[in-house]
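The values are calculated or read from the model by the stated rules, or taken from the named source; none is laboratory data. It should be emphasised that the depicted structure is a prediction, and the values quoted were computed from it without experimental measurement. Cβ coordinates were reconstructed from backbone atoms using ideal geometry, including for glycine residues, and neighbour counts include every protein chain displayed.
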Amino acid sequence: MKTEDRLDYVQRYEKRLEEFGYSPATLGWGAQGRQEVRFSVLSEPALRMPESSVLDVGCGFCDLYDFLAQHGWRGRYTGVDIVPGLLDVARRRHPDLDVLEIDITDGSMPVGEYDFVISSGALNATLPSGNNEAHIEAALRSMYQRSRCATCVDFLSSYVDFQKPGAHHTDPGWALAVAKRLTRRVLLRHDYMPYEFSIFLSRDDAISDRNVFRAFEGELKAGM
């Protein structure tokens, strides 16, 4: 992330933290339990593997960890964020968790270290440089490289009637094209909230002799 973009991002969230404290409003999310809806979608693959490892990009207060644990997940969690104030709260809430101040695009984290990389809300702020698409593409590539099973990311959709100032709404078709440059096996979900969507990038995109993804064939057999 460019320096001007990072500074603006940090200041935005530090200001909200000062105003709202520990609250979804600090993270720019509405009330009424919508954060839990997002988590239920993004965490679905990890919850199917309760012993898995998860990297939470833009972890904020580590609320995703709480959601995972409440739903039976008991694996290894690491949270990363670039906002010191949010990380301070996260560490007070969960002093035993691995919580780091890291920009996922700077290349400092090891590759292939986590089963699942999950990111909720980290790519939805308009950047002063106007560099949103390049930043999203770099972030997706970095997250994908650090996953062993899948990368799961949500976005504000461009299919809206109104765009809040300061928010970046991503074209789902563009996001799909970016994801397909990284892996052949991609799932895009625009079915759980009208103005948001999630994209899932699978590491295993091998194809069987009958031109079906082998992982999907395995899921079919497991469901029989």
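Here are a few things to note about the model shown:
- Inclusion of A69 among residues that are modelled with pLDDT of 95 or more, farther than 23 Å from Y144 by Cα and surrounded by fewer than 17 Cβ atoms within 10 Å (Cβ to Cβ) is warranted.
- Complete set of residues in the range 13-30 that are closer than 19 Å to H168 by Cβ and either modelled with pLDDT under 85 or out of contact with any helix residue (DSSP H, G or I) (no Cβ under 8 Å at 6 or more places or on another chain) (or both): K15, P24, A25, L27, G28, W29, G30
- When residues in the range 195-224 are screened for being among the aliphatic types (A, V, I, L, M) and within 21 Å of F116 (Cβ to Cβ), 5 of them pass.
A quick yes/no check of all residues on (1) in contact with a Phe, Trp or Tyr (Cβ under 8 Å, 6 or more places away or on another chain); (2) crowded, with 22+ Cβ neighbours inside 10 Å; (3) under 25 Å from Y22 (Cβ atoms):
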residue: L55; (1), (2), (3): yes, yes, yes
residue: W73; (1), (2), (3): no, no, yes
residue: L86; (1), (2), (3): yes, yes, yes
residue: R91; (1), (2), (3): no, no, yes
residue: D115; (1), (2), (3): no, no, no
residue: L140; (1), (2), (3): no, yes, no
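- Number of residues in the range 104-123 that are at pLDDT 95 or above and of a type in the set (D, E) equals 1.
- Here R16 fulfils each of the conditions (1) within 23 Å of A138 (Cβ to Cβ); (2) surrounded by 14 or more Cβ atoms within 10 Å (Cβ to Cβ); (3) free of Cβ contacts under 8 Å to residues at least 24 places away in the same chain apart from (1).
- Candidates are the residues of the range 1-12 that are of a type outside the set (D, E, K, R) and modelled with pLDDT of 90 or more; the one that is farthest from M193 (Cα to Cα) is T3.
- The residue of the range 148-167 that is nearest to R16 (Cα to Cα), among those that are out of contact with any Pro (no Cβ under 9 Å at 6 or more places or on another chain) and buried (at least 19 other Cβ atoms within 10 Å of the Cβ), is L156.
- Any hit, the range 53-70, residues being touching a Lys or Arg at 6+ places or on another chain (Cβ under 7 Å), polar (S, T, N, Q) and within 14 Å of A122 (Cα to Cα): no
- Listed by first and then second residue, the pairs with beta-carbon distance under 8 Å, at least 6 apart or on different chains, first residue in the range 64-84 and in contact (Cβ under 8 Å) with a residue 60 or more places away in the chain, second among the β-branched types (V, I, T), are I82/V10; I82/I102; V83/V10; P84/V10.
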